[in-house]
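Okay, structure first, notes after.
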Amino acid sequence: ASKEAGRGGYRFYTPDLNQHAMERLNIENGLRRALDNDTELFLEFQPQVELAGGRMIAAEALLRWRTPEGTVIPPGRFIPIAEETGLIVPIGEKVLRSACAALARWRAAGLPMPRVAVNIAAPQFESRKFGETVAAALAEFNVPADRIELELTESVIVRDADAALRAMARLKELGVSIALDDFGTGYSSLAYLSRMPIDLVKIDRAFVMRTTEDESARTIVRSIVALSHALRHKVVAEGVETRAQLTQLRRSGCDYVQGYLLARPMSEAALTAWLSSPITPAEALLGDKDGGL
Ligand code: C2E
Ligand code: MG
Ligand code: MG
Ligand code: MG
């Protein structure tokens, strides 16, 4: 905004901007405090299921922040600030360890351990210690590497594509899966898509939302699925909210779905109940022999 502020730069001093700066500072200080205790930051989990049959293949870990006043701040408001201040690195490590701890508890309870997908911000991925951090979290909780999936966005290959490709290859050697998140919203070229050692492409919710109204969105989704399959990547659609969207995604050949229609993000206890139930709501919705609906 500074460039638009004009010669005088007077806009820096309007009450609005002051309030904005104040809120950022509050969030930054609050996050530092939250990192020091074990009560404020916690994870919810949202199932990803097979479009044919509804079997759960993974759960995405989504970070939540409940301040001492009891307000839950959504990640969209604090992750960007955590990225700018570098706090995302220790926060991300905490998320990885919490995800592994949850996996260890499901294993100890004798439940089928799902894969847990963990969102990784660019500054985490770019830190030279990142591979070690992942390996250490797996070892600490005795979790097999194939239970963890790292969700990266195209932004990680913008700065130094070759370094990013090498870092991805090292992570693959550890045995974790890699997903490309929010696909279609970034800037990566098709050339890089073919060179990235990824397992899964996640189609951004913006395209999923428009598939029922907009022929061009349907074309985009079909093309992403075809391209991904040609490169031997599986495809998951995020943000699926309606049966009509599900029908379009099935026609497009999408492999997996995630969204409020199947399940909302839920607490660890709720996911434990989900894992223990003989037929999950997603299986009830997608499970009949004709392939559902
Ligand atoms: P994302 O990784 O693309 O996660 C999917 C977001 O879509 C989540 O929002 C999820 O709650 C929401 N969602 C899922 N299904 C539906 C649906 O059917 N309809 C709608 N409207 N939304 C749906 P959430 O939890 O608010 O997270 C927002 C973003 O914050 C995430 O987008 C991710 O980029 C970031 N984030 C969340 N947790 C972490 C984390 O632990 N580390 C990092 N670095 N980023 C995180
Ligand atoms: Mg994600
Ligand atoms: Mg996403
Ligand atoms: Mg998204």
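Points worth noting:
- Taking 7 Å steps out from each Cα toward its Cβ at ARG55 and ARG107 produces label points 2.1 nm apart.
- Applying the criteria of a DSSP loop state and at most 12 other Cβ atoms within 10 Å to the chymotrypsin sites (Phe, Trp or Tyr not before Pro) of the range 158-197 yields TYR187.
- Rolled with a 1.4 Å probe across the full set of protein chains, the surface gives ARG105 an accessible area near 120 Å².
- Gain in span if fully extended, ARG32 to LYS129, counting 0.36 nm per residue against the direct Cα distance: 32.8 nm
- Count Lys and Arg as plus one, Asp and Glu as minus one, and take only other residues whose Cβ is under 9 Å from that of GLU238; the net charge is then -2.
- Of all DSSP bridge pairs formed entirely within the chain, close to 40 percent run antiparallel.
- Charge sum, other residues only, whose C-beta stays under 12 Å from ILE157's C-beta, Lys/Arg counted +1 and Asp/Glu -1: -1
- Net length gained if the chain between ARG250 and ASP162 were fully extended (0.36 nm per residue, minus Cα distance): 28.2 nm
- Apportionment of accessible area to carbon and sulfur, the chain, percent (1.4 Å): 52
- Chain lengthening between THR212 and ALA226 when straightened (0.36 nm per residue, less Cα-Cα): 3.1 nm
- Around PRO123: net Lys/Arg minus Asp/Glu count, Cβ-Cβ under 10 Å: -3
- The largest accessible area among LYS202, LYS234 belongs to the first residue in LYS234, LYS202, and the rest follow in falling order (1.4 Å probe, all chains).
- Based on Cα contacts under 8 Å between residues 6+ apart, the chain shows a relative contact order of 19 percent.
- Largest first, the extents of the alpha carbon coordinates of the range 145-293 on the three principal axes equal 44, 39, 25 Å.
- Of the residues ASP204, ASP182, ranked by 1.4 Å probe accessible area with the largest first, the sequence reads ASP182, ASP204.
- In terms of distances greater than 19 angstrom between alpha carbons, the cross-link table entries LYS129/LYS234; LYS94/LYS129; LYS94/LYS202; LYS172/LYS234 yield LYS129/LYS234; LYS94/LYS202.
- Unit charges on C-beta of K, R, D, E only; dipole of the chain, Debye: 280
- Average projected area [Cα convex hull, the chain], square nanometres: 17.8
- Which of HIS229, HIS20 is most accessible, then next, and so on - probe 1.4 Å: HIS20, HIS229
- Per-residue [θ]222 nm for the chain (sum of -39500 (n - 2.57) over DSSP H runs n ≥ 4, rounded to 500): -14500 deg cm²/dmol
- Averaging the sequence gap over all C-alpha pairs within less than 8 Å and six or more residues apart, then dividing by the number of residues, gives the range 79-139 a relative contact order of 42 percent.
- Normalised per residue, the accessible area of the range 172-293 is 49 Å², obtained with a 1.4 Å probe and no contribution from ligands, DNA or RNA.
- Of interest is the spacing of the C-alpha centroids, which for the range 52-66 and the range 76-123 amounts to 12 Å.
The values are calculated or read from the model by the stated rules, or taken from the named source; none is laboratory data. Because the structure is predicted, anything quoted here is derived from the model rather than measured. For neighbour counting, all protein chains shown are included, and Cβ atoms are generated from backbone atoms with ideal geometry for every residue, glycine included. Ligands, DNA and RNA are stripped out before the accessible areas are found, and what is left, the full protein with its side chains, is counted by its heavy atoms. Shrake-Rupley method; radii C 1.70, N 1.55, O 1.52, S 1.80 Å.
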